[in-house]
Structures are given as structure tokens and as C-alpha cells.
Amino acid sequence: MSSMSTTPAEKKYIVDAIRSLEARRVLEIGAFKGATTRAMSEAVPDGGYVVAIDPMEWGNELASNGIARHLPAFVHPLIEGLASWMPSTSYERQFWDEVHAGGRDNVHLFRVLSDDRELATSPSSLLVQFDLAFIDGDHSYCGALSDLETWGRRVRRGGLILVHDATVEFDGVVEAIEDFARDADVRVRRGVAGSLCELQVRSDLQADTPRRMPRGHAVRVEAEALVPVGWTRVPLP
Ligand SMILES: C[S@@+](CC[C@H](N)C(=O)[O-])C[C@H]1O[C@@H](n2cnc3c(N)ncnc32)[C@H](O)[C@@H]1O
């Protein structure tokens, strides 16, 4: 069974990648209690930042491939029922405690799901392009593919997309990577550390033809199509 967070070896790989790329614009989708966010926050150079996208709600965590995905499929309907009855309690306090313990003031949290339409079309300069993206949110095929299409395509040429849990246990994640790599000019290296799959961006992915997404998920957005919207952002304390 995989852990909720990254292993020490996976964290080291992510940190080393940030350092060797000198990545200043780092994205994490699915941050949970901030263990990997903190490691990334500590690794980015001065002037850099980490954008974390996560609804920070236990109800969502239970229902959306969080704890539920570590349990057998037959209990999933039970978990979903439980999640819908839960008050929207949050693990955000633990997230900030962990991140602040790292001592850097460079993390921006967007407290929404990664396929949120307003977020995807936000003109925020924090969201337009990244040097490295770490994807660890919705582990379904549609969710992982949506993250690769919407956010992975915002990684610059020469940058890296790292996907967690790319193992047989999460066949949706593996299939999403395969389908994405068919259309996008990326070099795929599986198992670079633990369950991490690395996609090295070889050419400008944003210039590629956008894919039609299943299930009406968010699609890649051209920079010129961005419109001003409001979104929930937790200001840095
Ligand atoms: C496995 S945990 C992430 C662990 C974290 N990356 C770490 O290394 O400590 C998955 C997280 O993704 C969040 N999540 C699930 N679906 C999501 C989505 N569509 N967008 C953003 N976050 C999502 C869950 O609420 C949970 O916090």
C-alpha cells in the first residue's frame, strides 16, 4: 500500500530536480498536509514560489481518491456516503503548520479542485507557467489526465512534470500518462524514485493541439483566453 505522502526518496528526487533546474515556479496538485509542499518550498531559490492546489477538505479527501483509494473498492460507496455527511472539516491548519516550519514565505495555496474552471482561466501570473509540476491529486484516469492537460501543459520547455503513484495500484494514473504522452512531446521515465514518473517537456506543450477531454473536464486554456475571475486564495500570513 502506498503512503499518503511521498517517501523520503521521492522527496529527495523532487528536491534535487528543483535544484538542478533552478526551478522558481513550482506547482503541486494535491498538497494534503503539506509534507512535500514544505520540501519544495525549502528547495526553490530566493524569489521562487510554490503554488499548491488543494481544496483542503476532509470530505473531498475521503471521496476523491484520498483515503478511499487505499481501501478495497467495495467500501468506496460507504466512504462516499460518509464524506457527503461530513461537515467540511479541513486539514489546512496542519498544512500551514508544516509549511511554516520550513521557514520560507513562498507558498501560495489555491483552495479549490484542480479542475475548477475559474482557476483554470485565472489570469494570475502565478498560474500561467511553471518550471516543475508535481501531480498528486485526483488519481482517477479522468482526474490525472485533466491535470496533465490543464496544468502539465503549462510547464515550460525543458521543465519537468512529476506524477506520483504511477504504479499498477493506480492504473488510471498510468493510463493517463500513456495517453498524455501520445499527444505531448515529453520524454517519459517511469520509476525514477519510488512511484514517481518523470515527464521531461521537450517542446512547448502549450502550442500543441488541445485534446478533447472525457467527462467534460477542464481543457487547456490559451493565455489570451484568460479572463479575470475570483478564487479562494489564502493570503500568506
Ligand atoms: C495523496 S494526497 C497528496 C499528498 C501530498 N502531495 C504529499 O506528498 O504530502 C492527495 C491530495 O489531493 C487532494 N485532491 C484530490 N483531488 C484533487 C483535485 N482534483 N484537485 C486538487 N486536489 C485534489 C486530496 O484532498 C488530498 O489532499
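Just to be sure I understand, how many residues within the range 26-35 are closer than 15 Å to Ile161 by Cα and either in contact with a Ser or Thr (Cβ under 7 Å, 6 or more places away or on another chain) or away from the ligand (no atom under 14 Å from the Cβ) (or both)?
The number of residues fulfilling the criteria is 2.
Under 8 Å between Cβ atoms, at least 6 apart or on separate chains: pull out the pairs that start in the range 144-170 with a residue that is polar (S, T, N, Q) and end on any residue that is assigned to a helix (DSSP H, G or I) and modelled with pLDDT under 95.
Thr150/Ala120
Looking at the range 113-132, which of its residues are more than 12 Å from the chain's Cα centre (by Cα) and assigned to a loop (DSSP other than H, G, I, E, B)?
Those that are more than 12 Å from the chain's Cα centre (by Cα) and assigned to a loop (DSSP other than H, G, I, E, B): Asp116, Thr121, Ser122, Pro123, Ser124, Gln129.
Residue check, Gln129 against (1) modelled with pLDDT of 95 or more; (2) within 15 Å of the ligand (Cβ to nearest atom), all met but one. Which one?
Against the list (1) modelled with pLDDT of 95 or more; (2) within 15 Å of the ligand (Cβ to nearest atom), Gln129 comes up short only on (2).
Failed condition for Ala120, given (1) aliphatic (A, V, I, L, M); (2) more than 13 Å from the ligand (Cβ to nearest atom); (3) modelled with pLDDT under 95, with all others met?
Every condition holds for Ala120 apart from (2).
Take Gly30 and decide whether it is open to solvent by 10 Å² or more (accessible area, probe 1.4 Å), under 23 Å from Thr150 (Cβ atoms) and not aromatic (Phe, Trp, Tyr).
Judged against the criteria, Gly30 is a match.
Given the options Ala17, Ala23, Ala9, Ala39, name the one that is at pLDDT 95 or above, crowded, with 18+ Cβ neighbours inside 10 Å and within 14 Å of the ligand (Cβ to nearest atom).
Among Ala17, Ala23, Ala9, Ala39, only Ala39 is at pLDDT 95 or above, crowded, with 18+ Cβ neighbours inside 10 Å and within 14 Å of the ligand (Cβ to nearest atom).
So, in the range 50-60, of the ones that are open to solvent by less than 20 Å² (accessible area, probe 1.4 Å) and not in a loop (DSSP other than H, G, I, E, B), which residue ends up nearest to the ligand (Cβ to nearest atom)?
Going through the qualifying residues, I end up with Ile53.
Looking at the range 87-112, which of its residues are in a loop (DSSP other than H, G, I, E, B), open to solvent by 60 Å² or more (accessible area, probe 1.4 Å) and either modelled with pLDDT under 70 or within 12 Å of the ligand (Cβ to nearest atom) (or both)?
Pro87, Ser88, Arg111
On the basis of being surrounded by fewer than 19 Cβ atoms within 10 Å (Cβ to Cβ) and at pLDDT 95 or above, does Gly47 make the cut?
Yes, satisfied.
The values are calculated or read from the model by the stated rules, or taken from the named source; none is laboratory data. For clarity, every value in this text was computed on a predicted model and none was experimentally measured. Note that each Cβ is placed from the backbone with ideal geometry, even for glycine, and that neighbours are counted across all protein chains shown. Just the protein is used for accessible areas: all its heavy atoms, side chains included, with ligands, DNA and RNA removed. Shrake-Rupley method; radii C 1.70, N 1.55, O 1.52, S 1.80 Å.
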